[in-house]
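Working notes, beginning with the structure itself.
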Amino acid sequence: MNGASVWQAELGGMWVMAPEWVLSGAYMYMKGNQVVDNNHAHQLTGTLKYFLSKRTSVCVAAVYQRTNQGANAQINDVMVASSGPSQLIGRVGLQTRF
């Protein structure tokens, strides 16, 4: 153990606009201790989902992260960190439940 730790707080919400449309979003703040140079980051997430049926839906999602100067952004589930302090990803998906 090297003593590194990161504190985070998140606030999110979901709005069912109609039975087939769902919009959700979240904000997360992350702050590291001295071992990780006291770096901090802000992250915004948004998702729009449309239900084609009870079991099938399509969705569009975006995540944006901004860190302090001198740190590289790295969104979870992205294999490579950004070369700078910000990173943006977008996803489009189709989901079927069995």
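Each reported figure results from applying straightforward, stated rules to the coordinates on display, with no laboratory input. The model shown is predicted, which means the values in this text are computed figures rather than measured ones. As a convention, Cβ positions derive from the backbone with ideal geometry for all residues, glycine included, and neighbour counts pool all protein chains shown.
In percent, what relative contact order does the chain have, based on Cα pairs under 8 Å that are 6 or more apart in sequence? Taking the mean separation of contacting Cα pairs over the length of the chain, I get 20 percent.
What you get for the chain, charging only the Cβ of Lys and Arg (+1) and of Asp and Glu (-1), is a dipole of about 340 debye around the Cα centre. From most to least packed by mean Cβ count within 10 Å, the peptides 48-56, 63-71 give 63-71, 48-56.
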